[in-house]
Amino acid sequence: MVMSKAHYKWRITAGLLLGSLLVYHCRSSQPALQRDATGKVIVNPHPDPSYKTVKEAMQSIYLQPGYHLQLVASEPMVQEPVAIVWDGNARMYVAEMRTYMMDINGTDENKPICQVSLLEDTNGDGKMDKRSTFIDSMVLPRMLLCVGHKLLVNETYTYNIYSYADTNGDGKADEKVQVYKNDTPDTRNLEHQKSGLLWNLDNWIYVSCDPIRYKYTNGKLVADSLANSPGGQWGVGNDDHGRLFFSSAGAEIPALGFQINPAYGILNPRDQFNDAFQAVWPIIATPDVQGGMGRLRPDTTLNHFTASCGQSVFRGNALPADMKGDLLICEPVGRLIRRAKVIDNNGKITLENAYNQQEFITSTDMNFRPVNTTTGPDGCLYIVDMYHGIIQESNWTKEGSFLRPRIINKGLDKNIGRGRIYRVVHDGYKPGPKPHLLDDSGAQLLTYLDHPNAWWRENAQKEIIVRGDQSLVPALRQMAAGPHTTLGRIHALWTLEGLNAIDKETLLKALKDTSAAVRKTAVWISERYVKQDDADMIRQLAALKNDPSADVQVQLVNTLSTSKSDDAKALAANIVDAGADKEFMQGVAHSIEVNNNTKLFGRRLGSMPTASRNRILQGATIYKQLCSTCHGPDGKGIVVGNGSPAAPPFVGSKRVDGDEVTLMKILLNGLSGPIDGKTYTDVMAPFGASNNDEWIASVLSYVRYSFGTRRERNRESSPVVSVEKVKQVRAETASRGKFWTLEELEK
């Protein structure tokens, strides 16, 4: 997965800009894909890598019948866009990584010249016609969230989060307030850092990569630590019922983390999708893939997800009904977007491609780089296209890499400084009313809680909570129990929870609701009582142990795990044993157990010297945020379907228990080629250049402590790696400019 940036200077008049936007007000008219006699798509083996005008680019993007593209914004209005959000009045904020891979070496990538732009549609035609630079002088802005009249933003290489506001109405932020403080620099490669900042149904704000979530309270973000990283890289999506969806490009996993909420643990069954789902179907040759020739078919098209990112569940009301609830996954290396059907099988979610060996959206334009999708205020699907030549960060384009000569040969390093935002519409689409949630009264916001477009429901809930409007509590309680839609009742319950106004009486009524989705919601919210070992609430939950809905049963097990009560533990065990899919339910219980054991991690370190203990704990934090994405939280590697692990397992590895210098060299300079007779699709990237000796020593100390066997069999053989030794090895290998191979290291 990737992001983008550009500081290409466009010299074009404002009149030309407006004209270029208005030309494509209507939908694009894509030609039909060329097919052979058997109906198979004919792949373009020699795609043109040169920059294309907006009109040319739109004509090269193919959608399934009935769907069409409309242009929302393009360069120079936006450059290198990576993420978009709207405020309650449908003003669009765009994160622009204007310094991302401006050449093949990533020169000046960290210069503070990136922006967040503010776009507006002033005439209601669905196209952006007004732009201002809302925030400038930024370093690769990566996370955006609107709360009321404020925009929360996080930049790359930092954990700090600030809110920005425009107090005088000129379209530029003039107020900056820190809402979350953590001055520790984030030294990970920008592809391995968090993204998201997604306000979910449960009123927690989630991110990828990092074991943390936030609550927005009194204008600040209050952090809640998770036992393990939820996984994922670029993008966080959610569905109508608060289920989260992550993607991991590094591990080549298109979707993960969607079985249970990450607060309970990490569960990714091998059969949540099959090998066929992981195959992708581009319509052009794909030379620029980090995985090398092993990731290409004989016709040179990409054969497997390798840059999955920007996923979202479509939740609007302006596309056909059978689209609602489908998962969209961007694959910018393949120049395509997958549409997946999300299927509930007795509480376990599985994914299937909506089309047979085809994709929802594909392009023959080599610069088409979809990196984000989202549902808009108008109920349509929006696509953020970086429209950038290079889509892999410089750690993977160095001398000796598979990518470098292919990028240079195609001239992809020259395609910079552009970007497009599209809207996907369907036959007969007409723009709907423009929202004014920031100006609407609380009573008006209540009416949006059962709106057919999730964007309105979510933003109404968020706006009510941010305002702290307690006068709406009686109406919300009535709505939660009344004749509203299922989704309306669910949002009423969560809005009450966000206002700290949920009460037992309302929850007990909801536990008996005719809708399984409402009952599941009530079980979820009841945790505030279960965590206090409330015996009465646990008895009320026991009445649902034979609930006909597997989703309710899964949530019961999750919620009961937050109690220390013996009654709660016994009830959860009973539900697991009686589950319709016993194997899956046991997987849920096991994930919770691992999660709880992780919380107790520090107890095992009690007898170690303070310095050693702190180094391992520091390494644990880094591992959970970064390494677990590919190597797995348990060190066994991430495996989905019948494929191989995304990276070599640490458990059972002779190098983990062996010479620590070998591990240092691998982490400092990277590793490529077969490992223990197995070939993996990606290389182990070098981390020495971007991290200091203590960082290297901490990660390796944690790996050796957690996944080696020495800690059990030999107390005198410490797993802790010294900073001084790392410094020595770094000096000895300073002149090395390429990855190690295992053959070299073993010599």
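All of the numbers you see were taken from the coordinates with simple rules; none came from a lab. Just so you know, these numbers come straight off a predicted model, no measurement behind them. Positions of Cβ are backbone-derived with ideal geometry, glycine not excepted, and every protein chain shown enters the neighbour counts.
A few remarks follow.
- Centre-to-centre separation between the Cα atoms of segment 167-243 and those of segment 520-586: 29 Å.
- Rounded FRET efficiency, nearest 0.05, which uses the C-beta distance separating K678 from N345 and R0 of 41 Å: 0.85
- From helices alone, the chain scores -8000 deg cm²/dmol at 222 nm; the rule is -39500 (n - 2.57) for each run of n ≥ 4 DSSP H residues, then divide by the residue total.
- Potential lengthening of the chain between D567 and T709 amounts to 47.5 nm, from the contour at 0.36 nm per residue minus the alpha-carbon distance.
- Checking the Cα-Cα distances for K341/K545; K150/K531; K678/K747; K215/K569; K678/K738 against a 25 Å cut-off, the pairs over it are K341/K545; K150/K531; K215/K569.
- Of all DSSP beta bridges confined to the chain, the antiparallel ones make up roughly 95%.
- Backbone N atoms of segment 555-589 closer than 20 Å to the 7 Å Cα→Cβ label point of R539 belong to residues 560-561, 563-575.
- Inter-probe distance in nm under a simple model that places probes 7 Å from Cα toward Cβ, at D36 and A475: 6.3
- D170-N123 FRET efficiency (beta carbon distance; Förster radius 22 Å; 0.05 resolution): 0.65
- Distance from the Cα centroid of segment 354-402 to that of segment 421-473 is 29 Å (rounded to whole angstrom).
- Sequence of S363, S225 once ranked by neighbouring C-beta atoms within 10 Å, starting from the fewest: S225, S363
- Relative pair counts by distance (%), Cα atoms of segment 56-98, 5 Å bins: 5, 16, 21, 20, 20, 14, 4
- Distance from segment 43-71 to segment 78-106 (C-alpha centre basis), Å: 21
- With the convex hull drawn around the C-alpha atoms of segment 602-746, the volume per residue stands at 118 Å³.
- Cβ crowding within 10 Å, taken as a proxy for footprinting-reagent exposure, orders D224, D533, D36 from fewest neighbours to most as D36, D224, D533.
- Applying 1/(1 + (r/R0)^6) with R0 = 45 Å to the Cβ-Cβ distance of D136 and R297 gives a FRET efficiency near 0.55.
- Among the listed options (1) 33.7; (2) 38.7; (3) 31.8, the one matching mean projected area of the Cα convex hull in nm² as calculated from these coordinates is (3).
- Aspartates and glutamates with Cα under 17 Å of K127, excluding same-chain neighbours fewer than 8 positions away: E75, D87, D378, D385
- Reachable aspartates and glutamates, given that their alpha-carbon falls under 14 Å from the alpha-carbon of K40 and they are not under 8 places away in the same chain: D299, E359
- Inter-probe distance in nm under a simple model that places probes 7 Å from Cα toward Cβ, at K747 and D577: 6.1
- Label-point gap, in nm, between A223 and H149 - each point 7 angstrom along Cα→Cβ: 3.0
- Put in line by how crowded their Cβ is, counting other Cβ atoms within 10 Å and starting with the fewest, W494, W695 read W695, W494.
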